[in-house]
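Below is one structure; the comments refer to it alone.
The values are calculated or read from the model by the stated rules, or taken from the named source; none is laboratory data. Just so it is clear, the structure is predicted and the values come from calculations on it, not from any experiment. Ideal geometry is used to build each Cβ from the backbone, glycine not excepted, and the neighbour counts take in all protein chains shown.
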Amino acid sequence: MILLIGGTGQGKLAYAIEKTGCGPEDVACDPEAARRKPIFVGLESWIREHPDENLEEKLDTVLEDNPDVVILCDEVGCGVVPIDPGERSWREAVGRLCCVLARRADRVERIFCGLSMVLKGEGAWK
């Protein structure tokens, strides 16, 4: 599994498509579709929509069925701490799940302005 993180609009999806040679039809927006598609985009949105689910367990299923999936997640933990407890809880859930995924990933990259910074993994991608 490869984990790509970065801010909104920083080019994560374009980078993943370029690196994998996939097209827009190969992009999943939920874990169920990610079990059979090579790219899963919007992890942070899925977490927001499913706050009470066992997120780690759901992603374990994805990784069992699709161990080479490329997961994209917006960084949401930077900046001003929200006043709303729900927003803080969501940010924390995203951060904690990304920590779990980063430990399990073969490669982790941060995308900023379309450029990659390799945080984990060596050599050329694939």
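The table below lists the values:
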| quantity | calculated |
| --- | --- |
| Search result, residues across the range 39-73 that are hydrophobic (A, V, I, L, M, F, W, C) and assigned to a helix (DSSP H, G or I) | Leu43, Trp46, Ile47, Leu55, Leu59, Val62, Leu63 |
| Candidates Asp30, Asp60 - the one that is acidic (Asp, Glu), surrounded by 15 or more Cβ atoms within 10 Å (Cβ to Cβ) and at pLDDT 90 or above | Asp30 |
| Tally, over the range 1-40, of residues that are farther than 21 Å from Gly114 by Cβ and in contact with a Pro (Cβ under 8 Å, 6 or more places away or on another chain) | 1 |
| Criterion: surrounded by 13 or more Cβ atoms within 10 Å (Cβ to Cβ), out of contact with any strand residue (DSSP E or B) (no Cβ under 7 Å at 6 or more places or on another chain) and part of a loop (DSSP other than H, G, I, E, B) - qualifying residue of Val100, Val76, Val81 | Val76 |
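Matching residues to (1) in contact with a strand residue (DSSP E or B) (Cβ under 6 Å, 6 or more places away or on another chain); (2) without any contact (Cβ under 8 Å) to a residue 12 or more places away in the chain; (3) of a type in the set (A, V, I, L, M, F, W, C); (4) surrounded by 12 or more Cβ atoms within 10 Å (Cβ to Cβ):
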site: Met1; (1), (2), (3), (4): no, no, yes, yes
site: Ala16; (1), (2), (3), (4): yes, no, yes, yes
site: Ile47; (1), (2), (3), (4): no, no, yes, yes
site: Asp52; (1), (2), (3), (4): no, yes, no, no
site: Glu64; (1), (2), (3), (4): no, yes, no, no
